[in-house]
Amino acid sequence: MKPIVSRLSSLAVPALFILAVAGVPIAVGAGAPQPNAAGVPVGTVPADKQARIDAGNRQAAAAQAKLAPDAKAKDPGAPAAAPAAMAAAAAANGDGYLDPHFPVGSGMVVVTHDPPPGDSTIAVANMWSRQGPWLFVYAGSDAASPTTGLVVIRDRQSEVARIPVAGHGALQITGGSDAALTLTAADSTVLTLDLSTQTIH
Amino acid sequence: MRFGHSRRVAGAMLAFSLVAGLAGIQARAPSALGATYPGSTHSWYVTDPTNSTWAYNQGCSLGTALANGGKPQQAWVILDFFTQVQASSGTWGVEYDNHVFHSNTSVQAFVVQYAHGFWLCTGADTSAHLYLGLGTRNIWWGTTPSFATRGKAWASLVASANSALGSYAAQVTVEGAIDAELGWASPSYTLAWASSFSSNSTYFYADYGDAAGCPPFGACNGGYTQASLYTLAWGNSAALPFPEIYHRANSQEWASEALYGYNHAGLMYMTGSFTEYGAVGCTNPDTCSVESPAYAFRDFAADLGANSHTAGAVPAYASDIDWQ
């Protein structure tokens, strides 16, 4: 613990600026830190956090000390191309998909069972996404009613449509285009998801 | 922060540095007296970590703003790389919702180029310092590898990124960060990740997640409690709270969380307030569905300041996330 209020109180430096440099919180108001109901002094940062602050400061100071005076002047600026390590990683990454996948329109269908962010209501069979603007279509079944097909459409920010399909079982995306996706149900019924109207027929 | 103001800050920094012998150091920890809105930075949802030029340009843009006195001299920025993934080959990386895998090599190179741009474009303003949060989210696909293993891997990535900074480390520190949403992963998963990060890292992680449902409104969502949220956001030695303040209710939830800390374990000092005004696409703070960075900071400072026990926890930073 590093109570600093009394140590710094005589400095003619605004407290906020002191904090901006030292990174140690102090209690509002004058006087030594007071304990809270649990006996923990207020106006201190725990010693283990302080150690991390100190370590980071040392690292920055060391880098500053090693810096050549004209380092910035000699820097070429923006990279003309991706750094070599990044280019090598991209090459090794292929098209980047770890799961089975196939193109549909300008997007890609990925065979994944991972649900949409924060949504456990759909058991996903596969999903289609495209960029510009981002759109994500998840096909599968209602997690609480596996015989009910379900499609969830999201943009990059939130859900934009949820379309249940009764009577045919789980759905999966099997083809289509940017305008309409082909859905095949568990009972082999073929349906079409119109992305402009967000309806299935 | 205006130009004249930043010059006074620099003067104050120098004065304190001389007194304390701490020349060249910067803050990356919470501070208590940030009641004046410090201005905000852009944080980013990174959907294409291969675009290193974009990263460089954004870092340069921020560096230029700091050099010109248009931003605080210490800045926090979070780069959100979405879900942490380990490929079957053992390679660690990240995936956005389109499930395209990018290895940690790409992520690190992206971060370094952001730092490069910042460092170069601050020019002669070598007092400017950036805390660059390398962010992920507590959405994990599958339960293997363990969450402790994942937390350790993220700590390793953060350490590796710092090592790769070279000269830029004089003005940039890479920290961890996690968008820990109570509605995404269970407390046991999230806390295992966070605890492991903390015990395997000398760097911080910023919790830029939510406290949805928590007091004063009821019980925290997702099986979390104020106690578990305290551990996640402050109790772990690496934890710094940089909470989402999208609405006034979020501000009240986190102020209540700060008071919980005061009463039970020790006040949690807020590092920053985090908003999504840009990501939502707003241009008018008076009509937007979410709070602007300035409004969020104002509300958070007011809610923390309303109780004398938490008044010292007002954050020093503000950042607003947008899409790459």
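Observations
- Label point 7 Å beyond Cα of B:N307 along Cβ direction - residues of region B:185-215 with amide nitrogen under 16 Å: B:211-215
- Full-extension gain in nm, B:T36 to B:T225, via 0.36 nm per residue minus C-alpha separation: 65.0 nm
- Inverting the pair-averaged 1/r between distinct Cα atoms of region B:103-184 gives 13.8 Å as its Kirkwood hydrodynamic radius.
- Taking the fewest neighbouring Cβ atoms within 10 Å as the starting point, the ordered list for B:T225, A:T199, B:T105, B:T143 is B:T143, A:T199, B:T225, B:T105.
- Divided by 2.2 N^0.38 Å, where N counts the residues, the Cα radius of gyration of chain B comes to 0.94.
- Sorted by Cβ density within 10 Å, fewest first, the residues A:K49, A:K66, A:K72: A:K66, A:K72, A:K49
- Measuring nothing but how far apart in sequence close Cα pairs (under 8 Å, 6+ apart) lie, relative to its length, chain B scores a relative contact order of 20 percent.
- Charged-residue dipole, Cβ positions (Lys, Arg, Asp, Glu), region B:133-273 about Cα centre, Debye nearest 20: 260 debye
- For q = 0.11, 0.16 Å⁻¹, Debye-computed log10 I/I(0) when each Cα of region A:84-200 counts as one equal scatterer: -0.36, -0.71
- The lysines within cross-link reach of A:K49, meaning a Cα-to-Cα straight distance under 23 Å and a gap of 8 or more places when in the same chain, are A:K2, B:K152.
- The residues B:H129, A:H101, when put in order of fewest to most other Cβ atoms within 10 Å, stand as A:H101, B:H129.
- Looking at chain B alone, DSSP beta bridges between its own residues are antiparallel in about 15 percent of cases.
- Charge dipole of the protein assembly as shown (Cα centre as origin; +1 on each Lys and Arg Cβ, -1 on each Asp and Glu Cβ, all else neutral): 1880 debye, rounded to the nearest 20.
- Number of partner chain Cβ atoms within 10 Å, mean per residue of A:79-91: 6
- Pair A:A186, B:S88: separation of 7 Å Cα→Cβ label points (nm): 2.6 nm
- Across all Cα pairs in region A:45-147, the calculated P(r) in 10 Å bins from zero up to the longest distance comes to 11, 20, 20, 16, 23, 8, 1 percent per bin.
- Cα radius of gyration and Dmax for region B:200-324 (Å): 14.0, 44
- Alpha carbon Rg of the protein assembly as shown, scaled by the compact-globule rule 2.2 N^0.38 Å: 1.00
- Size of charge dipole - region A:84-200 - debye, nearest 20, with Cβ of Lys, Arg +1 and Asp, Glu -1, no other charges: 120 debye
No lab work stands behind these numbers, since they all come straight from the coordinates. Keep in mind that what you see is a predicted model, and the values were worked out from it rather than measured. We place every Cβ from the backbone using ideal geometry, glycine too, and count neighbours over all the protein chains shown.
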